[in-house]
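Working notes, beginning with the structure itself.
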Amino acid sequence: MNRLLEPIGVGFREWRTVGVLLWANWLVAGLMVAPTAPAVWEGFGHAPLAAGKPLVSSELLMSLRSFFISGGAPSVGAPLLLLVVLQTFLVGGVVWRTCAGGKFRLGAFLGQAGRLVGRNARLYLWLLILLAVAMLVPVGLAALMKVLGLRTLFTMPVETWIFGSPFGVAAVLHLAVVAVAIALWRLALDVGRVLIFRDDLRNTRRAAWHAVQLVVRSPLSVVLYAVLGAMATGAVLLLMRGRAMLPEGNAGLALLALGVGQVVLWTRLAFQVAGTRFAAELVERTVAEPRHVAQLQLPVEVAPPA
Amino acid sequence: MLAPLLVLLVGVTPAPPRFDASGHSIGAPLSDRVASYVLDVRYDPARRHVTGTARLTWTNRSDVPQATLWFHAYWNAFKNNESTYAREQRIAGGARAGTGNRGREEWGWTEIRSARLPDGTDLRSTLRWEQPDDGNPADQTVFTLTLPSPVPPRGQVTLDLAWEARVPKLEARTGVHEKYTLFGQWFPKIGVLEVPPQRGVRAPTWNCHQFHATTEFYADFGTYDASLTVPRTMRVGATGVRTGQHENADGTITHRFHQDDVIDFAWVAWEGAAETYDVFRSDRLPEVALTVLMPPGETAAAPQILEATKATLEHGGRQWLPYPYPHLTLVAPPIGANIDSGGMEYPTFATVYTRTRPARPRDTLLWEVTIHEVSHGWWQGMVASNEFEEAWLDEGFATWATTDVMNAVGLGWDLAQFLPPGTRWFLGPLVQGQLRERDIRPPGTVPRFESSIARPGWRFKTGLETGRSTYGRAAAALLVLEQEMGPEAFARLIHTYAERWAFRHPSTDDFLQLASEVSGKDLRPLGNALFRGTAGLDDSIARLRCAPPPPASGFFDADGGTPVLRAPRAAEAGGDVRCEVLVERRGDLPLPLDVQLTFADGTKLRRDVPPGELWTRIVTERPLPGGRVALAEVHPGARSAMDTSPGNDARSLDATPGPALTLGGWFLYTAQLLAAAVGSVL
């Protein structure tokens, strides 16, 4: 249990790190919705008929298309591309925080992020091969289930989602296999990032291979990592539900909802940091510490010469 | 003897039945019974094979002898991928599944084996395939038979037809899905000989269209007596009343059904189906026995299906016309067959939906489809419009009727209930709401639609446009008529329409004529604009702004008439305020447009915008502080049902940050969640 609680604790204690990630999230999300702002103000800024009514409702959702046509549609593609760049950049800082600890300094965070961004990007591309291989397991299982007349959540007809009960035992078990396969890949990605930082590896292909070996030899860690992911999903869904239950009606309630929404996002991002910390702990337990690791624990407050 | 006992037991006095327990009418026939059938059918599910005989008795209602009779053979739409149905599916799409690539066993067809007069005269050699709509030679959904001597005016002819058919893969509300077979439009059915002045024809004319991708059906009333032989393991539900069944030596069972005064006969054969029974009883309305067929082990929805059916029979019986038939069968298809076969109406027989775990206490999806299909029992089942040419007269009416019943029982749309079980608890609040059916706007974002409502189903631009025009937009158009007439007059119109046109074939003109008659004003111009035009409507307050009037400057005539220069001066505190309200109308629907301005001191000012004007600017100048226009509205208190954007119907001078922040904040939050989700795989 401690292998789960300790990373979660780190995730929530690293509030400055989470804050940086949340800032990036705000930037991307803000760019997405910015084109809609004039339409929202034009349509609802002087709309007494809308005041006090539940706007986030079936009624609104059913007419979103016409709303976007008459106003500005959100931009999705370009901001998500920016997200890919930002996330690839920031993970270096996150790894530094979860491995080295110490005092948070934004400059050092960004410095580490910049130092590692190229290697982390290459590592990601190498590990896409692992993702493809790992997904062969659930795909093969789905094919076997089809022969046996069983359906997965991904091969289920649309009708079952609307009229039936999609979450049968077989479908849930298959989903669990999918989750473990993704956990294996995601853990390898985190471990690889930790290894690159910790051992200052330049050869990302070797780092990827080493990470895969390490993760495959520790199946319990994969399961625990999957559990960590499930805990994150559960916590986020629970908070999302709480946020959705807030009443609507005036500006104060709208701001409250936005605030609670940030708690949802904060939790999600804290679990992201926790995942990296979990990988760091796995590496610490299983790999001998390199000689130069102390040099990598930057920045270090160096005492002035006596 | 039974009635008083019933009063004591359940406290209701049912109306006298119009049919006896075997489906035969009591007293005078309710319809003219132009086409009556005795059907004898055997179904072999292992071979997907049907053999049948039909004795058809047809009456020539016209003054002209008829030698050539027109028939439908609908299942030939599934014979190959060159049928008109299949071609249209490829071109325009539709709500139904495409014929696409089928396996050898999945095509369907009907083959007429023999056609004879009772004296043995063979008519099979006179059979000709006809393509009256598109001339497609590959289409075999309509055929004619020519008699050796014509049927005299008001005379009758009896034909003995024998046919074989392969049951298609389930599609367009007919066919096989695993152990479930729905038989809709499945036997050779005679077309409708329209006789003046019926639906505006000037001479007797056969109305017998091919099977199109986006059309339904049209038939004369008659008596149906059907013997259906199936394997004993299959349950059977059908139009009408079950009048008997007997087991045969070959392991089959023959079910017999009968119903007078209906326009069609449909049935289902289903191995292992579960059945639930109930009876609708209400004061001064005829009793209706109810049967629900459901997938085995999936019966949780049955109570709600029955409850929704009873609500419709109650409301429709009181507001439209008492439902006269003694039995109603509802089929909730198995999971996997709902989209292709659920939600279809036949006389005294309808398919609805199954939900493994329905939302409680009332599942919108189940209630809506059940109310809609049961209300078709009036709108086309009894008031038998031509679904080929004027689909809005049944689908628009059924959609409006669904609104009517849902409002009566206080049921709104809740999209959360569309979510699969297991996800509703946390995803539900994201889409919560109780949107009333009446609040649903006509589809479309522009104030001009692509097609008129009243046009043949195959002449819409796309299948989607067919559905949007004949369902939601037609229902909204009926609501516009209601707004024009007032609710009481409109209720009288609907009741009179049902009463006058039950067991007959009305047209759009007949309905508009009656609307004018009931309302006492000529509603045909508006009706034609609504149903035969493409005009839409979006009335809005485009601008509202208030400012002090500019100080006078320039030359003004003095008392003696001499121009005197007046120097500009700063606006006086506590002076007048000038407000400008710009009212815009997009769309040409000829509806009145009234505007109401509410001033800060509470006084109101109403203005009518002249007909034909696409915009109007209203300028007021009143003393401060009460002279500001605080609120400007079009259609105050009752927005037009055809208004595509009711959100812009009102504008306040003061900002309303609440709605803007709520919506903007929700957009931002949703975008954040999306970014976080994508970020988690990076």
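Observations on the model:
- One residue alone among A:L201, A:L153 is assigned to a loop (DSSP other than H, G, I, E, B), touching a helix residue (DSSP H, G or I) at 6+ places or on another chain (Cβ under 8 Å), within 14 Å of another protein chain (Cβ to nearest Cβ) and among the aliphatic types (A, V, I, L, M), and that residue is A:L153.
- Residue in region A:174-185 that is buried (at least 18 other Cβ atoms within 10 Å of the Cβ), at negative phi and among the aromatic types (F, W, Y) present: yes
- The set of residues in region A:83-108 being within 19 Å of the chain's Cα centre (by Cα) and touching a residue at least 60 places away in the same chain (Cβ under 8 Å) consists of A:L86, A:Q87, A:L90, A:V91, A:G92, A:G93, A:V94, A:V95, A:W96, A:R97, A:T98, A:C99.
- Matching entry among B:R622, B:R607 (being closer than 15 Å to B:E580 by Cα and either more than 40 Å from the chain's Cα centre (by Cα) or surrounded by 19 or more Cβ atoms within 10 Å (Cβ to Cβ) (or both)): B:R622
- When we screen B:G587, B:G574, B:G658 for residues that are at pLDDT 85 or above and more than 32 Å from the chain's Cα centre (by Cα), the only hit is B:G658.
- Conditions (1) more than 10 Å from chain A (Cβ to nearest Cβ); (2) part of a helix (DSSP H, G or I); (3) within 24 Å of B:E271 (Cβ to Cβ): number failed by B:N407: (3)
- Residue within region A:204-227 that is within 12 Å of A:A279 (Cα to Cα), surrounded by fewer than 19 Cβ atoms within 10 Å (Cβ to Cβ) and more than 14 Å from every other protein chain (Cβ to nearest Cβ) present: yes
Each row is one residue, and each column tells you yes or no for (1) facing chain A (nearest Cβ under 7 Å); (2) of a type in the set (S, T, N, Q); (3) within 28 Å of B:P550 (Cβ to Cβ).
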site	(1), (2), (3)
B:L624	no, no, yes
B:A630	no, no, yes
B:E633	no, no, yes
B:M642	no, no, no
B:G647	yes, no, no
B:W666	yes, no, no
B:G679	yes, no, no
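- When we screen A:M145, A:M135 for residues that are in a helix (DSSP H, G or I) and away from chain B (no Cβ under 14 Å), the only hit is A:M145.
- Restricting A:L153, A:L141, A:L148 to residues that are surrounded by fewer than 18 Cβ atoms within 10 Å (Cβ to Cβ) and either without any contact (Cβ under 8 Å) to a residue 60 or more places away in the chain or of a type in the set (S, T, N, Q) (or both) narrows the list to A:L148.
- Taken over region B:194-216, the residue count meeting the criterion of being more than 22 Å from the chain's Cα centre (by Cα) and either part of a loop (DSSP other than H, G, I, E, B) or of a type in the set (A, V, I, L, M, F, W, C) (or both) is 8.
- Scan of region B:282-309 for residues that are crowded, with 19+ Cβ neighbours inside 10 Å and of a type in the set (K, R), ordered by number: none
- Some residue of region B:651-660 being in contact (Cβ under 8 Å) with a residue 12 or more places away in the chain, facing another protein chain (nearest Cβ under 7 Å), buried (at least 21 other Cβ atoms within 10 Å of the Cβ) and farther than 30 Å from A:A188 by Cα: yes
- From the options B:A359, B:A384, B:A391, residue that is within 14 Å of chain A (Cβ to nearest Cβ) and more than 20 Å from B:V331 (Cβ to Cβ): B:A359
- Filter result (within 12 Å of B:P447 (Cα to Cα) and crowded, with 20+ Cβ neighbours inside 10 Å) within region B:588-601: B:L589
- The listed residues are A:V84, A:V147, and the only one of them that is in contact with a helix residue (DSSP H, G or I) (Cβ under 9 Å, 6 or more places away or on another chain) and β-branched (V, I, T) turns out to be A:V84.
- Test: residue in region B:469-483 that is more than 22 Å from B:S385 (Cα to Cα), more than 14 Å from chain A (Cβ to nearest Cβ) and under 22 Å from the mean Cα position of the chain (by Cα): yes
- Looking across B:T84, B:T110, one residue alone is closer than 30 Å to B:L330 by Cα, surrounded by 22 or more Cβ atoms within 10 Å (Cβ to Cβ) and of a type in the set (S, T, N, Q). It is B:T110.
- Taking region B:23-66 as the range and being within 30 Å of the chain's Cα centre (by Cα) and of a type in the set (G, A, S) as the test, the residues that pass are B:G23, B:S25, B:S31, B:A35, B:S36.
- Taking the criterion of being within 18 Å of the chain's Cα centre (by Cα), within 14 Å of chain A (Cβ to nearest Cβ), part of a helix (DSSP H, G or I) and under 23 Å from B:R362 (Cβ atoms), the residues of region B:304-349 that qualify are B:N338, B:I339.
The values are calculated or read from the model by the stated rules, or taken from the named source; none is laboratory data. As the structure is a prediction and not an experimental result, all values here were calculated from the model. All Cβ positions, glycine included, derive from the backbone under ideal geometry; neighbour counts span all protein chains shown.
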